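In what follows, a structure is listed as structure tokens, so that the remarks can point back to it.
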Amino acid sequence: MSSRWLRRVPLRPTLRLRLILLNGALLFGSGLLLGALASLRWEQPTGLLTVGLPSLLLVTLLGMGMAWLLVGRALRPLHRVTATAQRLGEENLDERIRYAGAHDEVAELAGTFDAMLDRLAESFESQKRFVANASHELRTPLAVMRTEVDVTLDDPDADLGEYRRMARVVRDASERANSLVEALLVLARSEAQSGRRLVRKVETDLADGAAAALSAIDREAKRLSLHISTTLDPAPVVGDPSLLERLAGNLLENGVRYNHLHGQLWVETGADPEYAWLVVANTGFEVAQADVPGLFEPFRRGGRERTGARGAGLGLAIVRAVCDAHGGTVSAVALDEGGLEVTIRLPVASA
């Protein structure tokens with residue numbers, strides 16, 4: 001056995017080394033036991049030791065050598081998993097193990113690792129899109145404000161009326177930027193609590209949140225001459241009241257924002273022994289059912305009136321995040337006559 005080979009043998013207690021030593025101990029122990037049993041019948045025990053012990057040592061060493069090769073081959077995919085994990089970074093999340101061996105525990109581990117990488121890659125890509133869209137949405141009102149200020153200041157003939165017009169444009173743009181920042185903070189707060197215990201848990205009623213949201217949209221609803229139908233039965237839940245109020249507010253604001261003149265808006269709350277629900281439906285322009293799931297993604301809009309500057313496209317994303325944080329679900333259906341029906345279901349507060 002050369003010194004070069006010894007240097008290549010890992011001295012740390014690896015899984016491979018422990019399995020080899022265990023295999024050798026079992027072989028040697030089994031051999032000793034068989035030898036002891038045989039010596040009871042052997043007429044010359046000294047001869048048994050002279051012939052049997054070297055043979056036992058040889059068989060043990062051969063068994064350990066074969067085990068070394070077999071275990072090394074079995075653990076090779078694990079080394080690939082380790083090497084892939086060490087190489088991974090944000091720029092090369094497309095690497096995968098793609099194990100093609102026997103359908104055993106190692107294949108299960110490799111498949112689980114590849115599935116985890118798929119989720120990580122999707123998450124990173126979603127984060128990149130989110131940051132890019134948020135930057136774009138924030139940059140737009142800021143660019144409008146700067147352009148208006150520069151144009152007005154560079155105009156030597158600008159009068160008080162022109163400055164007033166500029167001030168109104170800057171105010172509107174700043175309000176849009178402020179609304180976007182507030183929506184981003186609510187979304188971040190909701191997603192941070194998704195799958196975890198809520199920081200604040202208070203018994204509240206979805207009907208109260210819907211009533212408050214209806215009051216907030218009253219002026220805009222009257223401007224559009226909307227016909228509003230309500231059935232606000234008790235819908236007790238336990239959760240963060242401010243997030244739940246924002247949930248109802250977003251649904252009703254969308255119901256008004258994407259409606260049309262003399263349209264309709266339906267609001268219903270209620271509960272059964274398991275769930276409390278909030279349903280908001282509105283008339284409006286047609287939305288393809290295939291486009292509905294995408295409306296719950298940040299900065300996604302659909303339909304003719306969902307593609308302009310009527311909001312940042314965070315309303316339904318916040319609704320979904322709040323539902324997830326409270327252990328509930330949200331679903332939406334595109335209505336045949338146009339508009340959406342969105343249903344929120346949350347665990348009902350126990351009596």
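The values are calculated or read from the model by the stated rules, or taken from the named source; none is laboratory data. Predicted model, so just to flag it, every value in this text is computed and none were measured. Quick reminder, even Gly has a Cβ in these numbers, built from the backbone with ideal geometry, and neighbours come from all protein chains shown.
Worth a mention:
- Some residue of the stretch 86-101 being closer than 30 Å to PHE299 by Cα, modelled with pLDDT of 70 or more and part of a helix (DSSP H, G or I): no
- Candidates VAL267, VAL287, VAL292, VAL256, filtered to the one that is among the β-branched types (Val, Ile, Thr) and at pLDDT 95 or above: VAL267
- Within the option set ALA221, ALA235, ALA213, being closer than 19 Å to ILE318 by Cα and in contact (Cβ under 8 Å) with a residue 12 or more places away in the chain holds for one residue only, ALA213.
- Yes/no for LEU295 being in the same structural domain as ARG320 (by TED's automatic domain parsing), over 23 Å from GLU337 (Cβ atoms), touching a helix residue (DSSP H, G or I) at 6+ places or on another chain (Cβ under 6 Å) and in contact (Cβ under 8 Å) with a residue 12 or more places away in the chain: no
- The residues of the stretch 267-287 that are in contact (Cβ under 8 Å) with a residue 60 or more places away in the chain, crowded, with 17+ Cβ neighbours inside 10 Å and either over 28 Å from the mean Cα position of the chain (by Cα) or not assigned by TED's automatic domain parsing to the domain that holds SER331 (or both), listed by number, are THR269, ALA271.
- Being surrounded by 15 or more Cβ atoms within 10 Å (Cβ to Cβ), modelled with pLDDT of 85 or more and closer than 25 Å to ALA207 by Cα is a property that holds for LEU247.
- Among the candidates PRO273, PRO298, residue that is assigned to a loop (DSSP other than H, G, I, E, B) and at pLDDT 90 or above: PRO273
- All conditions in (1) under 28 Å from the mean Cα position of the chain (by Cα); (2) under 19 Å from VAL333 (Cα atoms) hold for PRO236, with the sole exception of (2).
- Checklist (1) of a type in the set (Lys, Arg); (2) modelled with pLDDT of 85 or more; (3) surrounded by 16 or more Cβ atoms within 10 Å (Cβ to Cβ) applied to ARG164, failing item: (3)
- Here the condition is being surrounded by 11 or more Cβ atoms within 10 Å (Cβ to Cβ), modelled with pLDDT of 75 or more and part of a helix (DSSP H, G or I); of LEU48, LEU120, it holds for LEU120 alone.
- Counted residues, the stretch 144-183 - those being over 41 Å from the mean Cα position of the chain (by Cα) and polar (S, T, N, Q): 1
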